[in-house]
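Here the structure comes first, spelled out in structure tokens, and everything after it is commentary.
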């Protein structure tokens, strides 16, 4: 299996693209944002809320790990994903416009939004939370460029079955978010 | 901006003549920005907001290849322009990064003010003509070098013309710019005189 080298600049570029896409979504009509493609599926705004919940489970761990990690220069700071972690990451990464390995979401990651009468203000709050949390993620990736990321592992939000060094964690979160952006595009396509 | 910085900036626009009032306006549209070493001045995926003029430091402009590795397209340094110009003008997300390889002090102008310079001061068209001609000639010359010269010839040509401050940046950036492996660059550095 080929090595998965994790470059923070690559992660920053992908995160910027993703955040810009979400910003564009915010301008859409509330009906588009709140209508799920089927009763059991999530709407666009629920997906955005889910992404915030997901990163929320990592934010404090990421902050603590960065604070405890010694400084390093970006040139000497290239990390490769370990085998099991790479498998978990690749399970999330969409292949083109396809989501592979569809799975049931754990209760703790489910968005708890009312399905009826979601106000514009509430929608804007969901987008604002996403923006704040993902700005935190970006600042964390930027900070990781000058920290030795090969010292401290964190337990993933899935449980101790998966642990991550921070670059692996960032990659997992990005692939997870990119996967949901494919899902959002599917919803938009179904509505057009 | 202090007088020394302004003098350096003004020398970058030798074709432009100002009245005292115009000069005050011109000077007022530039803001000084400082960046630490390794700071990403412009991130790919975001839109470039400024055209820069470099007062101090060295910056690398690079794109990431499909393996996420940096491919260096060019450098900027004291006295040269900097920024991701295509993104700046088109207002489209940049596909390239601009990174400070040394602590950097730069003067920045936003797009509205940049475009207004051409409206307010006709001399800027003469500057623009020469500036873009030089940029085009520089890119053509680099393309010819990359396509026709050997690694050693590229190394010699670059080292003969590059300013001293560029020689002090990490070798991997210079190697990437010259389209060679860092090991090749290192070998040439220890064995070739220029």
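The values are calculated or read from the model by the stated rules, or taken from the named source; none is laboratory data. Since we're looking at a predicted model, the values are computed, not measured. Here the Cβ is made from the backbone with ideal geometry for all residues, glycine too, and neighbour counts use every protein chain on show.
A few points about this structure:
- Residue list for segment A:96-107, restricted to those being out of contact with any helix residue (DSSP H, G or I) (no Cβ under 9 Å at 6 or more places or on another chain) and either in a loop (DSSP other than H, G, I, E, B) or under 22 Å from residue A:2 (Cα atoms) (or both): A:102, A:104, A:106
- Of everything listed in (1) in a loop (DSSP other than H, G, I, E, B); (2) out of contact with any strand residue (DSSP E or B) (no Cβ under 7 Å at 6 or more places or on another chain); (3) at negative phi, the single unmet condition for residue B:102 is (2).
- Lone unmet requirement of (1) loosely packed, with under 15 Cβ neighbours inside 10 Å; (2) more than 14 Å from chain A (Cβ to nearest Cβ) for residue B:65: (2)
- Just one of the listed residues (B:87, B:141) is under 17 Å from the mean Cα position of the chain (by Cα), in a helix (DSSP H, G or I) and under 27 Å from residue B:37 (Cα atoms), namely B:87.
- Cβ-Cβ distances below 9 Å connect the following pairs, each with a first residue in segment A:123-148 that is within 10 Å of residue A:48 (Cβ to Cβ), a second residue that is in a loop (DSSP other than H, G, I, E, B) and at pLDDT below 95, and a separation of six or more residues or different chains: A:126/A:111; A:126/A:113; A:126/A:118.
- Selection status of residue B:21, modelled with pLDDT of 95 or more and out of contact with any helix residue (DSSP H, G or I) (no Cβ under 8 Å at 6 or more places or on another chain): no
- Candidates in segment B:68-81 are the residues that are without any contact (Cβ under 8 Å) to a residue 40 or more places away in the chain and more than 30 Å from residue A:4 (Cα to Cα); of these, the one that is nearest to the other protein chains (Cβ to nearest Cβ) is B:76.
- Of all positions in segment A:112-134, at least one carries a residue that is surrounded by 13 or more Cβ atoms within 10 Å (Cβ to Cβ) and in a loop (DSSP other than H, G, I, E, B).
- The residue that is surrounded by the fewest Cβ atoms within 10 Å (Cβ to Cβ), among those in segment A:141-153 that are more than 14 Å from chain B (Cβ to nearest Cβ) and under 20 Å from residue B:40 (Cβ atoms), is A:148.
- Here residue B:47 passes the criteria (1) surrounded by fewer than 19 Cβ atoms within 10 Å (Cβ to Cβ); (2) more than 14 Å from every other protein chain (Cβ to nearest Cβ); (3) under 26 Å from residue B:115 (Cβ atoms) except the one numbered (2).
- Selection count, segment B:169-184, where residues are away from every other protein chain (no Cβ under 14 Å) and either within 20 Å of residue B:76 (Cβ to Cβ) or not in a helix (DSSP H, G or I) (or both): 5
- Every condition in (1) in contact with a strand residue (DSSP E or B) (Cβ under 6 Å, 6 or more places away or on another chain); (2) touching a residue at least 60 places away in the same chain (Cβ under 8 Å); (3) outside any strand (DSSP E or B) is met by residue B:45 except one, and the failing one is (2).
- When segment B:63-84 is filtered for residues that are under 19 Å from residue B:37 (Cβ atoms), part of a loop (DSSP other than H, G, I, E, B) and touching a helix residue (DSSP H, G or I) at 6+ places or on another chain (Cβ under 8 Å), only B:78 remains.
- Matching helices (runs of 4 or more DSSP H) fully within segment A:1-75 where at least 3 residues are within 16 Å of the chain's Cα centre (by Cα) and within 14 Å of chain B (Cβ to nearest Cβ): A:8-26
- Tally of residues being touching a helix residue (DSSP H, G or I) at 6+ places or on another chain (Cβ under 9 Å) and modelled with pLDDT of 85 or more across segment A:109-127: 11
- Of the residues making up segment B:175-194, those that are out of contact with any strand residue (DSSP E or B) (no Cβ under 8 Å at 6 or more places or on another chain) and under 18 Å from residue B:58 (Cβ atoms) are B:175, B:178, B:182, B:185, B:189.
- Within segment A:5-49, the set of residues being touching a helix residue (DSSP H, G or I) at 6+ places or on another chain (Cβ under 6 Å), more than 22 Å from residue B:44 (Cα to Cα) and surrounded by 19 or more Cβ atoms within 10 Å (Cβ to Cβ) comprises A:33, A:34, A:43, A:44, A:45, A:47, A:48, A:49.
- Pick from segment A:155-168, criterion part of a helix (DSSP H, G or I) and touching a helix residue (DSSP H, G or I) at 6+ places or on another chain (Cβ under 6 Å), ranking: nearest to residue A:14 (Cα to Cα): A:168
- Among the residues listed as B:93, B:100, B:60, the single one being over 30 Å from residue B:21 (Cβ atoms), within 13 Å of another protein chain (Cβ to nearest Cβ), crowded, with 20+ Cβ neighbours inside 10 Å and in contact with a helix residue (DSSP H, G or I) (Cβ under 7 Å, 6 or more places away or on another chain): B:60
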